[in-house]
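First the structure, in the form of structure tokens, and then the observations on it.
The values are calculated or read from the model by the stated rules, or taken from the named source; none is laboratory data. What you see is a predicted model; the values in this text were computed from it and never measured. No Cβ is skipped: glycine too gets one built from the backbone with ideal geometry, and neighbour counts run over all protein chains shown. Ligands, DNA and RNA are excluded from the accessible area calculation, which covers all protein heavy atoms including side chains. Shrake-Rupley method; radii C 1.70, N 1.55, O 1.52, S 1.80 Å.
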Amino acid sequence: MEIPTLPEKERQKMFTQMWVEQMYGAIGFIMEKLGPQGLEEYNQRVAKQSAEQFKAMGKDDPMGFAMTQAITCKNVFGSDVDVVPNEDGSVTLEIKECNNLKVALEFAEKGAPITKEQHCGGCINGYFKPVAENLGVNLTAEFTDKGCKMTIRK
């Protein structure tokens, strides 16, 4: 039997749905079994492992971090992203339309107990900022209607 090859956008959406569902399933399980402290410890472990991967790839400066995240957001999740180097040496990673957020909000419409603020706050504070800290770079973020804008500096 021939297995169809799905168009890129359909593959990205399917993967993003599976990713978000798996992520929230894991978060729910950790919160139930270990509580907020357990989730914090898990996030710190993931951040440390991710930072080690960035360092091994030589992507541990603001531009390397921003571009690697942008490549993943665009190619894996299908998000609309941009990376802009700034005159002060910082780099702006703008996720103009975040497909992870879009899927999370679709789940919320179906009854999942998640809000935009929770999702975006968890993403920035539970992943992006801790990874940046482990790389020795500073990350600040502002939220937009459909995504966020992060500034990364040494």
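A few comments on the model shown:
- When both segment 1-15 and segment 21-63 are represented by their alpha-carbon centers, they are found 28 Å apart.
- Value of [θ]222 nm, deg cm²/dmol, for the chain, DSSP H segments ≥ 4, -39500 (n - 2.57) each, nearest 500: -20000 deg cm²/dmol
- Carbon + sulfur, % of accessible area of the chain - ligands and nucleic acids excluded, 1.4 Å: 54
- Using a Förster distance of 41 Å, the FRET efficiency for Met63-Leu34 (Cβ separation, nearest 0.05): 0.70
- Taking amide H atoms as placed 1.01 Å from N in the peptide plane, the amide H of Val81 lies under 5 Å from those of Lys96, each 5 or more residues away in sequence or on another chain.
- Among complete DSSP H helices in the chain, those whose alpha-carbon atoms stretch at least 18 Å along the helix's long axis and whose mean Kyte-Doolittle hydropathy reaches 0.0 are 62-75.
- Cα point-scatterer Debye curve for segment 1-62, base-10 log of I(q)/I(0) at q = 0.13 Å⁻¹: -0.61
- Size of segment 80-154 as Cα extents on the principal axes (Å, biggest first): 43, 23, 13
- Cleavage-rule hits, GluC sites (Glu not before Pro), segment 53-102, DSSP coil, Cβ neighbours within 10 Å at most 16: Glu87
- Enclosing the Cα atoms of segment 1-112 in their convex hull gives a volume equal to 168 cubic angstrom per residue.
- Amide H contacts for Gly147 (H built 1.01 Å from N in the peptide plane; partners 5 or more residues away or on another chain; cut-off under 5 Å): Cys98.
- Between Asp88 and Glu117, the contour length at 0.36 nm per residue exceeds the Cα-Cα span by 7.5 nm.
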